[in-house]
Each structure stands twice: as structure tokens, then as C-alpha cells.
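Note sheet for the following structure.
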Amino acid sequence: HWLALPFLSSGGAERVALNICRALREVRPTHACVLFLTDRKVVNPGMAIPEGTLVVAFDDYLGEGASYARKQSLLRDLLLAVQPQCFHNINSEVAWHLILAEGERLKKRVPLFASIFAFQFAPDKVTKIGYAAYFLKQGLPHLTGLLSDNRRFIDDAALEYGLNDEERSKLRVLYQPCRLEA
């Protein structure tokens, strides 16, 4: 199982990715997960990486100045060569642009998933920006499924983008455990 993140900081998207890795390892202890840090090499040293999870930063192999196009080529070539059981994009712009450009080709070989968690707004508080605005409607035809951590976003996105029943059936909620201070 492969997951793409833009970087590995201490935000909610990163915690979702790590929770998915932990859950997959519990369900399938002999399987491994790979976290690809695609957009830039930012790694929070405080993040607890689950056992059986490999972290691969594209900048370590392509250099920190590598273009998104070059990173997309590397990701595409890896997906086509290895054909992992599942590929899941969580906020990676590199992966989103690859899905938009070559999703039809990729989905024939690898189940493609993505996560989007909320609508984002420009400073005018009216114009939608961000992952949902830029990628959801265009990327959905290429995806096996799109996950979010809340029902509200799924319902609102279906209305906002006028999703038909087939498109709507790809949207699923994957609730996450909350963090509580001891």
C-alpha cells in the first residue's frame, strides 16, 4: 500500500496517513506501507512512523530543486512498474496532477484513492480554493474512492459539485480517532 503526502509534518492529513498505515499493518501484518513525500522534504522528527512503514522523500533522489513534472514522472514510473495493491493520495499536489493527467492509464493497473477533508476559501471568504476546488470533480472519474474524515464534507461536496449517484458512491467517510491530552 502506497500513500503520497506533500511532506510529513504534524498536521491532520499526516495523522490520517499514519493511522491508515497502522490499521493496514494490524489487518495485514505481512504487508508493508510506503509513505512517499512528494512535494518537498519537510519531515517532523516527532512523528511516530508505524512499524513496517517506509518513508521515501522524492527530494532525496531527485534533489531539492526537482520540478513537479519530474516528480510526477517518477511517481508514474514507480506506480506502473511496481503496481502496488493500492495508491492513496493525501494532499500531494504532485500526485493530484498525475491523477488528472494520467488517471485513466494508472487506474487500469492500480486502485487509486484520495482524501479531501474540507473546503478552503480565499481571503474573500467566498471563492473556493484548495484540494476540493482544484481536484475533486476532475479527479473523481479516475478514483476508486475518495475518503474524508467527516460526513459534512462528503454531503456538501456532493451538492456543491452536482455529483451523480455513481460519483457519489465513491465518496466515503473514514472517521479518525481524536487526540486527547492525558
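The values are calculated or read from the model by the stated rules, or taken from the named source; none is laboratory data. This is a predicted model, so every value here is computed, not measured. Positions of Cβ are generated from backbone atoms using ideal geometry, with glycine treated the same way; all protein chains shown enter the neighbour counts. Accessible surface is based on the protein model in full, side chains and every heavy atom, while ligands, DNA and RNA are left aside. Shrake-Rupley method; radii C 1.70, N 1.55, O 1.52, S 1.80 Å.
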(request) Please work out the average accessible area per residue across the chain, using the 1.4 Å probe convention, and give it in Å². (result) 53
(request) Positive end of the charge dipole of the stretch 14-96 (Lys, Arg +1 and Asp, Glu -1 on Cβ, about the Cα centre): tell me which of ASN91, ALA57, THR38 has its Cα farthest that way. (result) ASN91
(message) Just to confirm the filter: which trypsin sites (Lys or Arg not before Pro) across the stretch 81-136 are DSSP coil and have at most 11 other Cβ within 10 angstrom of their Cβ?
(response) LYS108, LYS125
(message) With no other cysteine's Cβ closer than 4.7 Å, which Cys residues of the chain count as lacking a disulfide-compatible partner?
(response) CYS86, CYS178
(message) For a bin width of 10 Å, list the pair-distance distribution of the chain built from all Cα-Cα distances, rounded to whole %.
(response) 9, 37, 38, 15, 1
(message) Please enumerate, by chain and number, the aspartates and glutamates with C-alpha under 16 Å from the C-alpha of LYS41, excluding those fewer than 8 residues away in the same chain.
(response) GLU14, ASP59, ASP60, GLU64, GLU93
(request) Could you size up the charge dipole of the stretch 43-177 around its Cα centre, putting +1 on the beta carbon of Lys and Arg and -1 on that of Asp and Glu, and report it in debye to the nearest 20? (result) 280
(request) Just the ratio, please: alpha-carbon radius of gyration of the stretch 89-137 over 2.2 N^0.38 Å, N its number of residues. (result) 1.29
(request) Please list the non-local residues whose amide H lies under 5 Å from the amide H of ALA57, H modeled 1.01 Å from N, same-chain partners needing a gap of 5 or more. (result) LEU37
(request) Determine the gain in length on full extension of the stretch ARG152-GLN120; use 0.36 nm per residue of separation and subtract their C-alpha separation, reporting nm with one decimal. (result) 10.1 nm
(request) Loop sites only, by DSSP: take the GluC sites (Glu not before Pro) in the chain that have at most 16 other C-beta atoms within 10 Å and name the longest stretch containing none of them. (result) 65-180
(request) For LYS107, list the lysines whose Cα falls under 24 Å from its own Cα; do not include residues on the same chain fewer than 8 positions away. (result) LYS71, LYS137, LYS170
(request) For PHE121, enumerate residues with amide H under 5 Å from its amide H, sequence gap 5+ or separate chain, H modeled in the peptide plane. (result) ILE129
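Contour minus end-to-end for ARG70 and LYS128, with contour as 0.36 nm per residue of separation and end-to-end as the Cα-Cα distance? Don't skip to the answer; put the middle values down first.
Numbers: separation 58, 0.36 × 58 = 20.88 nm, distance 2.83 nm.
That works out to 18.0 nm of additional length.
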(request) Only helical DSSP H runs with n ≥ 4 go in: add -39500 (n - 2.57) per run for the chain, normalise by residue count and round the 222 nm mean residue ellipticity to 500 deg cm²/dmol. (result) -11000 deg cm²/dmol
(request) Pop out the carbon and sulfur fraction of the accessible area of the chain as a percent, whole number, probe 1.4 Å. (result) 53
